Amino acid sequence: MAASVLAMALAVAAAGPMLAKAPRKKAKTRVAPADFDVKLPVLGTNLQEYPAGPGKAVADVACLQCHSASMGLQQRLTEKQWTGTVEKMMRWGAAVPADKKAELIAYLAANFGPDNDRFEPTVTRPVGK
Amino acid sequence: MARFALTRREFLAAAGGALLLPPAAFAAAAAESVPKDKRRMLQLNGYAIDAETPLDALTTYITPNELFFVRHHWNPMYPDLRRWTLAVDGEVSSPREFTLAELKKLPRAEVTCVLQCAGNGRGLFRPPIPGVQWRGGAVGNARWTGVRVKDVLERAGVKATARHLHTFGDDKPPEKVPPFHRSLEIEKVLADAIVAWEMNGQPLPAQHGTPVRLVVPGWAGDHWMKWLVRLSPQPEPQTGFYMDTAYRYPKTPGEPGAAVAPEDTKPLTELFVKSSITEAPPAAKVGTAVTIRGFALSGAPDIAKVELSDDGGESWRDADLDPRHDPYAWRLWSFRWQPKAAGRATLLARATDSRGSVQPKEAAWNPSGYLHNAWPAAQIEVAS
């Protein structure tokens, strides 16, 4: 038994690379090396948070209901623009208690005003070939 | 669902096409890919996912599916394809539903064209505008395969009273957010719109609207309804937030930051002529030529020329246009530049389309930040 296995192995080796090749079926299941940096987070990973400060708790509930924090972090809006945006979102169902609306607008305007330069997009791995 | 295997006819066509190509051209086409270190996406929102392609990855005629920008209004849908249908109703004599298999039995249509988000470049406008702050990579060029909308509507007996095609996707907005319902003029639909189930030869990926989306060559992405489930030709345009308030453009753009009354706006449709720079060396030496590359696109079917200037737009020289082209696809271009003096040089690009529209120095500021198309600039440090 052991001898015949050895003989077969020798025969395969002697036949050269053509015969020694893995059967086609096996080659199909081989995993191709990743053609992107595997250390990158996958698309859809949330890595950003609202900065600390008065009003963060309101923003965490009201905005994160439908948007990741990055949506707020990338804006550079005046207080007037933030007021318009918050009122639009409240009409659309954002959970902002009436007595917290001013606090939310002040928080967004203070952190994400026209000079806001804190936002960087998250570099992510491609998906969905 | 998956149609990975080529039919015998497709295989023979592909093989025949490959054999007809001269070896050098074939090698060039096969080698055209995005290098591993540039294969990444810039995520602007984690949910709903919004991500753009870094400009230095937009260097191939066909943008690979996995590097194609993603824009969602809300979370994506994963429809059950055993139950999925496309309904056709409205101004038709025989309202009906099509299964995917039924759609695939209709004459096959294929177009290669640009898809660009209406808001691409919003982040570059000053004063800033609320919304996703796209930098310039919410654009790509792909081969879309499906069926002409005209063929679908004709099989339902579309009537002459149909003037606008109302389109409905299956994605559901949260809370009291208005649904993303749209319509577009029937003339454009009948001319060249398709219902696509393949993107670059692959089944339409989930983030691009599986199983089918609308493809509207030359028009901004808001018309390209994803997760399409219903087409309804009607005498009047659709109403609602995404028709009456969003995706509108001033009839006459005014001062940056100025409000525009709704009656002074019109629907945003065709893309504006635009070039972007995708490759430029940060440094060069006097007397040694360097290459600058990019793409150019428009709502017109072709690009006539792309020019570059190294003197602030005083004088311009033609870039070389890549011969590959399809109606409403982008044109890749390249430009050999000879630095003549040491110091920091600024290279500007501008495109002219086949209708004679020229890319402007400044993009017209508009309240929603649509279709930014100012001349792009590359800074190059030239050493003596």
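Annotations for the structure displayed:
- Relative exposure of B:GLU362, B:GLU52, B:GLU66, B:GLU255, judged by other C-beta atoms within 10 Å (fewest first): B:GLU255, B:GLU362, B:GLU66, B:GLU52
- Annotation: extensible slack from B:THR239 through B:GLN379 equals 45.8 nm (criterion: 0.36 nm per residue apart, minus Cα-Cα distance).
- Net charge over other residues, Cβ less than 10 angstrom from the Cβ of B:ASP322 (K, R count +1; D, E count -1): +2
- Shown is the FRET efficiency for B:ALA261 and B:LEU106, computed with R0 = 45 Å from the Cβ-Cβ distance and rounded to the nearest 0.05: 0.55.
- The mean count of C-beta atoms from other chains within 10 Å of the C-beta of residues in A:73-80, rounded to a whole number, is 4.
- Proxy reagent accessibility, fewest Cβ within 10 Å first, across B:ILE194, B:ILE129: B:ILE129, B:ILE194
- Spin-label model, B:ASP37/B:ARG83: points 7 Å from Cα along the beta carbon direction are separated by 5.0 nm.
- Computed helical MRE - 222 nm, the protein assembly as shown, DSSP H runs ≥ 4 contributing -39500 (n - 2.57), nearest 500: -5500 deg cm²/dmol
- Linear extension gain, B:GLU185 paired with B:THR288, 0.36 nm per residue minus alpha-carbon span: 31.9 nm
- Tilt relative to chain B, helix B:8-20 - C-alpha long axis, 0 to 90 degrees, to 10: 20
- Take every Cα pair under 8 Å whose residues are at least 6 apart in sequence, average their separation, divide by the length of chain B, and the relative contact order is 16 percent.
- Peptide A:54-66 - average C-beta neighbours from other chains (10 Å radius): 1
- Summing +1 for each Lys or Arg and -1 for each Asp or Glu among the other residues whose beta-carbon sits under 14 angstrom from that of A:GLY113 gives +1.
- Mean separation of Cα contacts under 8 Å, 6 or more apart, over the residue count of segment B:241-384: relative contact order %: 30
- Paramagnetic reach from B:THR161 (point 7 Å along Cα→Cβ, amide N under 18 Å) across segment B:74-100: B:88-96
- Judged by the mean number of other Cβ atoms found within 10 Å, the most tightly packed of the peptides B:256-265, B:343-352 leads the ranking B:343-352, B:256-265.
- Cα-based shape type of chain B, given that a ≥ b ≥ c are square roots of the gyration tensor eigenvalues and the cut on a/c is 1.5: oblate
- A DSSP coil position with no more than 15 other Cβ atoms inside 10 Å describes the following trypsin sites (Lys or Arg not before Pro) in segment B:286-334: B:ARG324.
- Counts of other chain beta carbons within 10 angstrom of each beta carbon in peptide B:174-183 average 3.
- With each label modelled as a point 7 angstrom along the Cα→C-beta vector, the A:ALA102-B:ASP318 pair spans 6.6 nm.
- Net charge over other residues, Cβ less than 11 angstrom from the Cβ of B:THR99 (K, R count +1; D, E count -1): +3
- Calculated on the alpha-carbon coordinates, the convex hull of the protein assembly as shown measures out at 227 cubic angstrom per residue.
- Sites listed here are chymotrypsin sites (Phe, Trp or Tyr not before Pro) in segment B:121-196 whose DSSP assignment is loop and whose Cβ has at most 11 other Cβ atoms within 10 Å, and the list is empty.
- Per DSSP, loop GluC sites (Glu not before Pro) in segment B:165-236 with at most 15 further Cβ within 10 Å: B:GLU175
Computed from the coordinates by the stated procedures, all read-outs in this text should not be read as laboratory data. Note that the coordinates shown come from a computational prediction; the quantities given were computed from them, not determined experimentally. No Cβ is skipped: glycine too gets one built from the backbone with ideal geometry, and neighbour counts run over all protein chains shown.
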